[in-house]
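Read the figures in this text as sums done on the coordinates, not as results from a lab. This is a predicted model, so every value here is computed, not measured. Glycine gets a Cβ as well: all are built from the backbone with ideal geometry, and neighbour counts include every protein chain shown.
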Amino acid sequence: MPDTTPTVAATADVDPRASIGPGTRVWHLAQVREGARVGADCIVGRGAYIGPGVVVGDRCKIQNHALVYEPAVLEDGAFVGPAVVFTNDYYPRAVNPDGSLKSADDWHAVGVTVRTGASIGARSVCVAPVTIGRWALVAAGSVVTKDVPDFALVAGVPARRIRWVGRAGAPLDPDGDHMWICPTSGERYVEQDGVLRLAQ
């Protein structure tokens with residue numbers, strides 16, 4: 001029987017109120033805050049930060065120095081590249097108008113949601129509130145300010161859709177009227193009204 005106990009590096013800071021699933025590895029200098037829930041078979045890279053109450057599904061990869069601020073939700077199979085940042089405040093300020101230091105009661109946190117299988121490239125910034133659709137791909141260095149459709153490849157500042165991608169991650173090729181095909185897997189997709197889905 002394989003050992004399914006989570007592996008947590010001695011230098012990682014995992015709050016005892018956090019939940020770490022079986023088979024998950026938390027690497028050096030990573031921090032997992034109170035109330036965070038990390039699923040099974042995940043990788044939390046060196047120096048990554050997972051905020052209080054963040055929910056991470058199974059088989060996710062959060063790469064080195066990614067900052068996943070609460071109340072983010074990552075569904076199963078999500079990939080967060082190195083140095084990605086999720087914001088969580090509409091109007092960030094350190095102080096109130098009277099000069100007093102802001103506390104948790106002085107603002108309302110908003111989150112980033114990453115749907116099943118989606119990937120966010122290195123050094124991208126996702127400006128909450130925003131949802132990254134299923135199997136979507138955010139190119140490295142992008143700034144995401146609007147929701148990303150399922151299977152969309154977005155890039156730029158601000159990020160815009162430039163292609164469609166399949167579940168294998170490769171850009172899709174046209175395959176007839178409103179049809180697309182993955183050159184890697186052979187899966188076929190249909191586009192209708194700007195929405196892509198797997199062909200039946």
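Taking interchain pairs and intrachain pairs at least six residues apart, which have beta carbon atoms under 9 angstrom, with the first residue in the stretch 154-170 and within 16 Å of Ser142 (Cα to Cα) and the second among the polar types (S, T, N, Q) and in a strand (DSSP E or B)?
Correct list of pairs: empty, since none qualify.
Tell me which of these Arg160 doesn't satisfy, since it passes every other one: (1) surrounded by fewer than 17 Cβ atoms within 10 Å (Cβ to Cβ); (2) closer than 19 Å to Lys61 by Cα.
All conditions pass for Arg160, except number (2).
Listed here are the residues, each with its yes/no results for (1) crowded, with 21+ Cβ neighbours inside 10 Å; (2) at positive phi; (3) in a loop (DSSP other than H, G, I, E, B); (4) of a type outside the set (Gly, Ala, Ser).
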residue: Thr5; (1), (2), (3), (4): no, no, yes, yes
residue: Leu29; (1), (2), (3), (4): no, yes, yes, yes
residue: Glu34; (1), (2), (3), (4): no, no, yes, yes
residue: Gly47; (1), (2), (3), (4): no, yes, yes, no
residue: His65; (1), (2), (3), (4): no, yes, yes, yes
residue: Asp76; (1), (2), (3), (4): no, no, yes, yes
residue: Asp89; (1), (2), (3), (4): no, no, yes, yes
residue: Gly99; (1), (2), (3), (4): no, yes, yes, no
residue: Thr113; (1), (2), (3), (4): yes, no, no, yes
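Name the pairs: first residue in the stretch 25-40 and over 12 Å from Val68 (Cβ atoms), second residue among the basic types (Lys, Arg), Cβ to Cβ under 7 Å, at least 6 apart or on different chains?
Within 7 Å, the pairs are Trp27/Arg46; His28/Arg46; Leu29/Arg46; Glu34/Arg17; Gly35/Arg17.
Going through the stretch 148-198 one residue at a time, which ones are among the charged types (D, E, K, R), touching a strand residue (DSSP E or B) at 6+ places or on another chain (Cβ under 9 Å) and in a loop (DSSP other than H, G, I, E, B)?
Listed by number, the residues that qualify are Asp150, Arg167, Asp175, Glu187.
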